[in-house]
There are 2 protein chains.
Amino acid sequence: MKINTILTPAVVDELYFTGKTTIAIDVLRATTTIIAALNNGAKEIIPVGSLEFVHKASGDTFGGKTIRGGEKNMKKIDGFDLGNSPLEYTRETIEGKSIIFFTTNGTKAITKAKYSTALYLMAFSNLDTVVNKFANYEGDFEIICAGRNNEISLEDAVCAGMLISKLREVRDDIELTDPALIAYTLYWKFGKNIPALFDIAEHGKLLKENGFYDDIKYCSQLSIIDKIPVFSNNSLKFLN
Amino acid sequence: MKINTILTPAVVDELYFTGKTTIAIDVLRATTTIIAALNNGAKEIIPVGSLEFVHKASGDTFGGKTIRGGEKNMKKIDGFDLGNSPLEYTRETIEGKSIIFFTTNGTKAITKAKYSTALYLMAFSNLDTVVNKFANYEGDFEIICAGRNNEISLEDAVCAGMLISKLREVRDDIELTDPALIAYTLYWKFGKNIPALFDIAEHGKLLKENGFYDDIKYCSQLSIIDKIPVFSNNSLKFLN
């Protein structure tokens, strides 16, 4: 089994993913928020790669059952119902709703990988469930890290490395590309204490500077949800 | 002093470099070869970003003093005089000559950074001289790693990390972006034994599979040349 890690979406184009199995990560905060929203009963999340498309996709045709969520440069977007905090997506607010979701980095990475044969979402919050799913998986897979503004984010790389490390504990046939080896190495250096990782990582520092302490705390929780979002027909739902 | 590392040229565009001081690295083999060629008396190296431009730039107008060198997919290009092995660029072959140089990754990274206010070249072969130059440098700088086919290469990241580590030994004001911290971390894990690094890195393995053992050996030598190529007026010469 060969694992590749795409440390920033900038290094690949959409067609790269044709025929591939892919896991997308945006720890701070998009994939963590999507996992939380589905866990709180959202009907589906529709990730979009551009703001223009949000406005197209969220017209009146959804009969009031559609919510717009996400952020641009960390802030809730004008006219949107919700931002990109996992804590906003409570059962009361989003149960049974379709959520059109746009974020600066996360949903761009997810939609870039849309041609994957199978596309899953991961964060620290559902990591062990992903490990279990891939413990006996036959075939290779890709991990795409959302990063930030096309750059590599330490926390996404460490999360990818944690998955690789935990898979290596249960199987001995894993081959790594250079970027996957880099992610694995970063996990061993920075992954043993996730709150401390967020103190070091640029994106973690930036979120704290902007007051998102509770989000950081939520996103640092390991394996609190035992479900995996899967992308199908342009929307994300939990894998059965 | 803030140091950023661009682990693959894919994450930036040419205009990113405007106003910046930049160090370009392609350990296997372009920057190592350029440093060797200048050290053996080449008049200048003209790095080009596309093969089409090589043919334009190397017409008869140079009066026989021009050599074409480089590679595509590790192999010497049809009609070129030399490949991308530092061992080919002997004094007998290239002294006093201008060399039009194209490589799959290295010269693309160098030409991408051409708008830098100052653009220097580094490899393991001249690393300590670069450390000395930046030991008292005022201002920030960028390190661009050529990588391979838009992907991150372990050996380039480790070389960048070695520079960062050696600078940290002599000054205490260094701030690192996430990718610079990643490079630094990779140096500590993989940088203590360069031949062993080339055994692990994908590009090193690939060169060995294709028989380039002597090149690998040459490229692993640390600080054997005390000069730094600088890019000016579209060509590379040693900094005085």
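Summary table
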item: Unique residue being modelled with pLDDT of 95 or more and either away from chain A (no Cβ under 14 Å) or touching a Ser or Thr at 6+ places or on another chain (Cβ under 7 Å) (or both) when the list is B:F212, B:F190; result: B:F212
item: Residues satisfying the stated conditions in the range A:144-164, i.e. within 13 Å of chain B (Cβ to nearest Cβ) and surrounded by fewer than 24 Cβ atoms within 10 Å (Cβ to Cβ); result: A:R148, A:N149, A:N150, A:E151
item: Criterion (open to solvent by 30 Å² or more (accessible area, probe 1.4 Å) and at positive phi) met by exactly one of A:N240, A:N234; result: A:N234
item: So A:Y184, is it out of contact with any Asp or Glu (no Cβ under 7 Å at 6 or more places or on another chain), at pLDDT 95 or above and either surrounded by 14 or more Cβ atoms within 10 Å (Cβ to Cβ) or closer than 22 Å to A:T21 by Cα (or both); result: yes
item: Where a residue in the range A:110-130 is of a type in the set (F, W, Y) and its partner, wherever it lies, is open to solvent by 30 Å² or more (accessible area, probe 1.4 Å) and assigned to a loop (DSSP other than H, G, I, E, B), with Cβ under 9 Å and at least six apart; result: A:Y115/A:G19; A:Y115/A:K20; A:Y120/A:L239; A:F124/A:Q221; A:F124/A:L222; A:F124/A:S223; A:F124/A:I224
item: Qualifying residue in the range A:19-30 (condition: surrounded by fewer than 24 Cβ atoms within 10 Å (Cβ to Cβ) and farther than 28 Å from A:F134 by Cα); result: no
item: Filter pass, B:L207 being open to solvent by less than 50 Å² (accessible area, probe 1.4 Å), touching a Gly at 6+ places or on another chain (Cβ under 9 Å) and aliphatic (A, V, I, L, M); result: no
item: Leading residue by the ranking (modelled with the highest pLDDT) among those in the range B:3-43 that are within 14 Å of another protein chain (Cβ to nearest Cβ) and touching a Ser or Thr at 6+ places or on another chain (Cβ under 6 Å); result: B:N4
item: Scope the range A:1-42; condition in a loop (DSSP other than H, G, I, E, B) and under 15 Å from the mean Cα position of the chain (by Cα); matching residues; result: A:L7, A:T8, A:D26, A:V27, A:L28, A:R29
item: Where A:I34 falls short, out of the listed (1) without any contact (Cβ under 8 Å) to a residue 40 or more places away in the chain; (2) under 28 Å from A:N240 (Cβ atoms); result: (1)
item: Breaking point among (1) open to solvent by 10 Å² or more (accessible area, probe 1.4 Å); (2) within 12 Å of chain A (Cβ to nearest Cβ); (3) not aliphatic (A, V, I, L, M), for B:P195; result: (2)
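Yes or no, residue by residue, for (1) part of a helix (DSSP H, G or I); (2) away from chain B (no Cβ under 14 Å):
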site	(1), (2)
A:E142	no, no
A:K166	yes, yes
A:E169	yes, yes
A:I182	yes, no
A:S223	no, yes
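The values are calculated or read from the model by the stated rules, or taken from the named source; none is laboratory data. Quick caveat: nothing in here was measured; it's all calculated off a predicted structure. All Cβ positions, glycine included, derive from the backbone under ideal geometry; neighbour counts span all protein chains shown. For the accessible areas, the whole protein counts, side chains as well, though only heavy atoms, and no ligand, DNA or RNA atoms are used. Shrake-Rupley method; radii C 1.70, N 1.55, O 1.52, S 1.80 Å.
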